[in-house]
Structure formats: structure tokens, C-alpha cells
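The values are calculated or read from the model by the stated rules, or taken from the named source; none is laboratory data. All of these numbers come straight from a predicted model, not from anything done at the bench. We place every Cβ from the backbone using ideal geometry, glycine too, and count neighbours over all the protein chains shown.
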Amino acid sequence: MGSEKQGRGRTEAKRIADLVQQAIDDGATTVEEIHKRIAAVPIAALERTELFGKKALDDVRRIQDASLGAVYDAIRDVNREVGKLAKELLSARLAIRKPAARAAATKSARKSAGKRAAPSHAPGAHAN
């Protein structure tokens, strides 16, 4: 039963780590989209002034989008690596707890068995 509980604990830890990782990825994507819309405002204003040619503004827009994309891709990459590390640490922690729990149970069982097997030294007790 301990192994079954251990397996459920690992599955639950992995599920939680995956949920957190997905939430961060989704949040990064949402922030990236908002950031791109905000960053497009000054370019649109420059287009209306006609101070710069269409090609120049298209180049600026392309460079800006690539830069923002690279930043948010890096955030998602870091998030994936942190997610992997979290899963490894949770698995290791659960693996460490399993032998410790087993050792405690064994010690407790030995102690209980020792109490049952110990001869009684009470007055009037007879040894067989």
C-alpha cells in the first residue's frame, strides 16, 4: 500500500507541476500578445505622420516582433526547465521519504515485537 500511495503522490506532484508550468506558459503568451499590441501603438502613430516610409516602419515592426518573441520564448524556455527541475526535486523528495517511512515502520515493528517477546520480571511470574 505504501508503494501505491507513493505512486499517487508522484503522479499528483507531476500533475501540479504541469499545471503550474502550463499556467505560466499561458500567462507569458497573454502578456506577450498585450506587449505586442502596446508596442504597435507608436509605430502606428509614426505611420500616420508619414515621416518614415512604409518599408522602414515594416522593418521596425518586424524587428520589434522578433525581439519581443525572443524575450517571451526565453521566458517559456526557463519555465520548462524550472518545471523539469521541480518534477525531479519532487520525485527525489518522495523517493527519500519512502525509505525513511519504511525504516520507521520497521523500527516500530521491532519495538512492538520486542515488547511481546521480552520475559516478564514481575513478581510471581514464572519462566517456561
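Quick one: which of Ala113, Ala86 is more than 30 Å from Ala39 (Cβ to Cβ) and either among the aromatic types (Phe, Trp, Tyr) or modelled with pLDDT of 70 or more (or both)? Show your work before the answer.
On the way: Ala113 fails: either among the aromatic types (Phe, Trp, Tyr) or modelled with pLDDT of 70 or more (or both).
Exactly one residue qualifies, and that residue is Ala86.
Got at least one residue in the range 62-77 being outside any helix (DSSP H, G or I) and loosely packed, with under 12 Cβ neighbours inside 10 Å? So that I can check it myself, show each step before the final result.
Residues of the range 62-77 that are outside any helix (DSSP H, G or I), as a first pass: none.
Checking the range 62-77: not a single residue is outside any helix (DSSP H, G or I) and loosely packed, with under 12 Cβ neighbours inside 10 Å.
Kindly list, by first and then second residue, each pair from a residue in the range 36-55 that is in contact (Cβ under 8 Å) with a residue 24 or more places away in the chain to a residue that is surrounded by 10 or more Cβ atoms within 10 Å (Cβ to Cβ) and hydrophobic (A, V, I, L, M, F, W, C), limited to pairs with Cβ atoms under 7 Å and residues at least 6 apart or on different chains.
Hits for this filter: Lys36/Leu68; Ala39/Leu68.
For the range 29-44, which residues satisfy the criterion of being closer than 25 Å to Lys55 by Cβ and among the charged types (D, E, K, R)?
Across the range 29-44, the qualifying residues are Lys36, Arg37.
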